[in-house]
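Asks: Pasting in a structure now, in structure tokens, and then I'll have a few things to ask.
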């Protein structure tokens, strides 16, 4: 490829990469530290903080596919992304003047209608743009994973110096600043103008048995990570693993994810999406069986490298399945439904199941996650054998 031809590709790539970096920096701060802000600055208990975050999860489950469907109908993903980032910015700022569990939950639900739906719409846009411009989705997606890692390390280091409760406001205003950057960066995104689709993509996709089974399969495997996200740090601490070591174990998983996306840039494009999901599902089963059986730091460190496959490989296979198997006028909706089921319904239900089992059986909650991942893997085999009907 000539230098003249590569320049437009590099420009498009850098714009998408910048937006991914901003959005995943917000995600890292929100997932890892916002519950801490709720506890320190709003007097919430950990259960109250979990309730506020659960409101966001359920809101994105319903709002995400509707926003994605709007993208398919309008053909204007950039305009929708700018709008969602702006509304998310305003809602995040409202947290700063909100008190009381009930009102915090309301704001959390509203925030869930605006910020989380950004990610599947962005993935859809990135997949379309990458195919057209000649780079791989994995390459631009790894920029998001790197940003997530940098954000949590930077915020963690910042909070180590905290000496008074008011200093925790850096968490909230980092969210606001990150969303402001996203809103501005949205104007630089490539605009993918597709023919508008005036039908009901949500209804049409959910009326397709093969696609519904695919959603269930990917959702079960990705959702099985719920116990790890919600219970791992507390469980490790309960068995004598200090917070620094727990943080390093978490960081190791993210580094493994970055390494996978780097490796996948050129080497996995020939694989079928269901192959990637099957590999991810089998790895998830192995990972959860291992985490349920040991608290040895060395073994945990070895098992955490499987995050590259249990999550990243499954995610890549799932988004590529939508991109390759769903008609172009329904792809944003397909990604929205995938996000709603995997990061919404399945993750929420898996987290609730893990918490219930953990109360009576401790780390054996991971065995329940292994069962979910195994069920998702078997469903993927069923989907793989069904004839294409999309």
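Asks: Go through (1) crowded, with 22+ Cβ neighbours inside 10 Å; (2) without any contact (Cβ under 8 Å) to a residue 60 or more places away in the chain and name the single condition residue 241 misses.
Replies: All conditions pass for residue 241, except number (1).
Asks: Within the range 70-81, is even one residue at pLDDT 90 or above, surrounded by fewer than 17 Cβ atoms within 10 Å (Cβ to Cβ) and in a helix (DSSP H, G or I)?
Replies: Looking for residues that are at pLDDT 90 or above, surrounded by fewer than 17 Cβ atoms within 10 Å (Cβ to Cβ) and in a helix (DSSP H, G or I), one finds at least one in the range 70-81, hence yes.
Asks: What number of residues in the range 303-350 are over 24 Å from residue 142 (Cβ atoms) and surrounded by fewer than 22 Cβ atoms within 10 Å (Cβ to Cβ)?
Replies: Counting residues in the range 303-350 that are over 24 Å from residue 142 (Cβ atoms) and surrounded by fewer than 22 Cβ atoms within 10 Å (Cβ to Cβ) gives 6.
Asks: Oh, and also: Going by the structure shown, is residue 247 part of a helix (DSSP H, G or I) and farther than 15 Å from residue 320 by Cα?
Replies: Against the criterion (part of a helix (DSSP H, G or I) and farther than 15 Å from residue 320 by Cα), residue 247 qualifies.
Asks: Which of (1) within 22 Å of the chain's Cα centre (by Cα); (2) surrounded by fewer than 21 Cβ atoms within 10 Å (Cβ to Cβ); (3) closer than 22 Å to residue 240 by Cβ is the odd one out, the single condition residue 354 does not satisfy?
Replies: Tallying (1) within 22 Å of the chain's Cα centre (by Cα); (2) surrounded by fewer than 21 Cβ atoms within 10 Å (Cβ to Cβ); (3) closer than 22 Å to residue 240 by Cβ, residue 354 fails exactly one: (2).
Asks: Would you point out which residue out of 151, 166, 185, 139 is at pLDDT 90 or above and either assigned to a loop (DSSP other than H, G, I, E, B) or outside the structural domain of residue 317 (by TED's automatic domain parsing) (or both)?
Replies: Among 151, 166, 185, 139, only 185 is at pLDDT 90 or above and either assigned to a loop (DSSP other than H, G, I, E, B) or outside the structural domain of residue 317 (by TED's automatic domain parsing) (or both).
Asks: Name the residue that is modelled with the lowest pLDDT, counting only residues in the range 20-39 that are over 15 Å from the mean Cα position of the chain (by Cα) and crowded, with 20+ Cβ neighbours inside 10 Å.
Replies: Looking at residues that are over 15 Å from the mean Cα position of the chain (by Cα) and crowded, with 20+ Cβ neighbours inside 10 Å, I get 33.
Table: residues versus (1) assigned to a loop (DSSP other than H, G, I, E, B); (2) outside the structural domain of residue 386 (by TED's automatic domain parsing); (3) out of contact with any helix residue (DSSP H, G or I) (no Cβ under 6 Å at 6 or more places or on another chain); (4) under 28 Å from residue 233 (Cβ atoms).
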{"residue": "266", "(1), (2), (3), (4)": "no, no, yes, no"}
{"residue": "279", "(1), (2), (3), (4)": "no, no, no, yes"}
{"residue": "298", "(1), (2), (3), (4)": "no, no, yes, yes"}
{"residue": "339", "(1), (2), (3), (4)": "no, no, no, yes"}
{"residue": "346", "(1), (2), (3), (4)": "no, no, no, yes"}
{"residue": "355", "(1), (2), (3), (4)": "no, no, yes, yes"}
{"residue": "362", "(1), (2), (3), (4)": "no, no, yes, yes"}
{"residue": "365", "(1), (2), (3), (4)": "no, no, no, yes"}
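Asks: When only residues in the range 259-274 that are at pLDDT 85 or above and surrounded by fewer than 21 Cβ atoms within 10 Å (Cβ to Cβ) count, which is nearest to the chain's Cα centre (by Cα)?
Replies: 259
The values are calculated or read from the model by the stated rules, or taken from the named source; none is laboratory data. Predicted, not measured: the structure shown is a model, and the values here were computed from it. Ideal geometry is used to build each Cβ from the backbone, glycine not excepted, and the neighbour counts take in all protein chains shown.
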